[in-house]
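Data first, discussion second: the structure below is written as structure tokens.
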Amino acid sequence: MWTRAVLVGVAYFVAAASMISLTRFDGGLASLWLATALLLAELTTADRQRWRASIATCLVASFAATTLFGFGLLAAAPLACINIGEAVVAATLLRRLRRAQSFLGSLEGVAMFTLVAGVIATAVAAVPGAVLAGYLSGMSFGTEFRAWMLGHGLGTLTFTPLFTLALRGEFGRWLNNALLRERIEAAVLMTLMAATSWLVFIQSAMPLLFLPMLPLIIITFRLEQVGSALAVVMLGSIGAILTATGHGPVNLIPGSAAEHARLFQFYLAVTVLTVLPVAAELAQRRVLFRRLGESEARYKLITESATDMVVSLDRDGVIRYASPSAREVTGYTAEQLIGHCAHDLPCGPDQATMAEAAFANQRSIVPTTIEYWARTASGEYRWFEAHTRGLFDDDGRLSGWVSAIRDISTRKSLEIKLAHAASTDPLTGLSNRRRFDTLLDRKINDRRDEQGHGCIALFDIDFFKRVNDEHGHAVGDLVLETFAAAALRTVRANDHVARLGGEEFGLILDGATIEQAMQVCERVRQAIADDVTLGPDGIEVHVTVSAGVAEITPGRSRLQLMRAADEALYRAKAEGRDRLALAA
């Protein structure tokens, strides 16, 4: 830790001493100050635990530089505290704003760095610095304040990025990772930058300060932050030396050597602030492109290995991408699907289902699920399930969809079987009580809306307990099956027969008047009376049935209707069985 701190302190001394010696005009402050940029780069790069050592060595370095080359021993201590304090204030603010490590990585970071390091921290140090320098040099506070702001602010903005990249090891990392072709390209571009800078600043006849921007922008795009930082240093070094010797376009403007130095520094800072945002944006885009490439690779791996078919559609429903698993799911290849509207394909949903899914995705960012019945390439109809998510542009407008589609025919078949089992009597194959109640509620609702006629009938096998007692439950089950077969054979196509429990059965006679219902029920009663149930030992069993019939009328609930039919049934039994009775 102390080895690095000592090296930073030595570099700080060299930077401070050289700037005092070369750019201190008229006995005032240095016109260009690089030392703060060096310490700020160290503080934003190093861990907080290493700050104390670096600050200590830089305090000693600043004290020595001021004593030997500047205002002397008496001013050395306070100026050292002000100089070092400027870097500490800037580094602390950048850390508080979470920009210490990332101010070169985004436009927002560059803007924050410019404000904090180039304006706020410099202004905080400029006040006591200008007071002390004005007292020692005899110049006004305003002159020294302006000199401090220009020299320190512009120096910090110009050289902090370079020192930061160097301390992070970015230059060495680039050299280790760069290919030979890239190194040759960098050498050519840097040579072009050096030649352009020299041609611009060796002459004083034409204002050609804009010319270095062309190779600088090219270097920024090709070599990004590392290249742009080196190019700025090259421009700054060549320009500063030639400007100091009286050459360059800056000397076209009347003024003192100090004013020329500050004007050149202002030009260099503006150049840096032009290039830094471009380099930051390129770095950010490089990260985005890398993440996009990784995401695309993962997406491709998932879509190509998944058993589900993945499709992308534009806002018009035209398929723009289909995964290779399309052949397994639909029998069609991806090439056969791409370019067609999904609802126009035999294996796609119908237009109404498609429109319903599109409408749902326009109103929600939550994926929607649809099920549809479609034909595969082999001509077989299958059930499919599509999980669909809408894609939205930057303005929040729907730009398309992405769907994951799977074959759910096996599941649907199982669901149908389970639904059938849940609503079917296992012995007779008729609907059970649950299914009967559901259909009856639906018919009652229709009658409330004055839609057609309808009746119900409750049948009960006469003396069924005697059959079980004399012949056993196995024969009793055969009698129940005989009733079911006879009822199904004699009712109308739109009538519904159900086993309600034990030996009780129910009929829903859809659209039947009371007279028609009595005729149908009479046919059922007569069929049961005529049928014979053969037992396992060849015995013949004859049974009869009694029934109660009730009309479905508006205002009656299911319980009221069933009670009315049940009362009619008991009346039929009380009157001698093997007959029908009409509910009151």
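Please give the Cα centre distance for segment 1-31 versus segment 504-552, rounded to the nearest Å.
Each part reduced to its Cα centre gives a spacing of 113 Å.
As a check on your grasp of the helix formula, calculate [θ] at 222 nm for the chain: sum -39500 (n - 2.57) over DSSP H runs of n ≥ 4, divide by the residue count, round to the nearest 500.
Working: 21 runs with 346 residues, N = 584.
Mean residue ellipticity, 222 nm, calculated: -20000 deg cm²/dmol.
Report, ordered by chain and residue number, the aspartates and glutamates lying within cross-link reach of LYS443, taken as a straight Cα distance under 13 Å and ignoring same-chain residues fewer than 8 apart.
Within the straight-line limit of under 13 Å, LYS443 reaches these aspartates and glutamates: ASP495, ASP510, GLU551.
Given N residues in segment 120-253, what is its alpha carbon radius of gyration divided by 2.2 N^0.38 Å? Write out the running numbers ahead of the final one.
On the way: Rg = 18.3 Å, N = 134, 2.2 N^0.38 = 14.1 Å.
Dividing the Cα radius of gyration by 2.2 N^0.38 Å gives 1.29.
Please state the relative contact order of the chain as a whole percent: Cα pairs under 8 Å, 6+ residues apart?
Numbers: 945 pairs, mean separation 47.1, N = 584.
This gives 8 percent for the chain.
If you build the convex hull over the alpha carbons only and average its shadow over all orientations, what do you get for segment 488-546? Give it in nm² to one decimal.
Details: hull surface 18.6 nm².
The number I arrive at for segment 488-546 is 4.6 nm².
Identify all aspartates and glutamates with a Cα-Cα distance to LYS412 below 20 Å; exclude those on the same chain that are fewer than 8 residues away in sequence.
Leaving aside aspartates and glutamates fewer than 8 places away in the same chain, those within reach of LYS412 are ASP308, GLU328, ASP350, GLU371, GLU380, GLU385.
Rg and Dmax of the chain, Cα atoms, in Å?
46.5, 136
How far is the Cα center of segment 183-253 from the Cα center of segment 67-127, in Å?
What the calculation gives is 27 Å, centre to centre.
Measure of size requested: the Rg and Dmax of segment 105-177, with Cα atoms as the atom set and Å as the unit; please supply both.
Using the Cα atoms of segment 105-177, the pair Rg, Dmax is 16.2, 54 Å.
Could you look at the chain and say what percent of its accessible area is carbon and sulfur, using a 1.4 Å probe and all protein chains? Provide the component values of the computation, followed by the final result.
Working: 17270 of 28950 Å².
Its accessible area is 60 percent carbon and sulfur atoms.
In whole Å and largest first, what semi-axes does the C-alpha gyration tensor of segment 378-459 yield when each eigenvalue is scaled by 5 and square-rooted?
On the way: eigenvalues 342, 105, 23 Å².
Values for segment 378-459, descending: 41, 23, 11 Å.
Over the chain, with the other protein chains present, what is the accessible area per residue in square angstrom, probe 1.4 angstrom?
On the way: 28950 Å² over 584 residues.
Accessible area per residue, the chain: 50 Å².
The values are calculated or read from the model by the stated rules, or taken from the named source; none is laboratory data. None of the values given here were measured: they were computed from a predicted structure. Quick note on the areas: whole protein, heavy atoms, side chains included, nothing else; ligands and nucleic acids left out. Shrake-Rupley method; radii C 1.70, N 1.55, O 1.52, S 1.80 Å.
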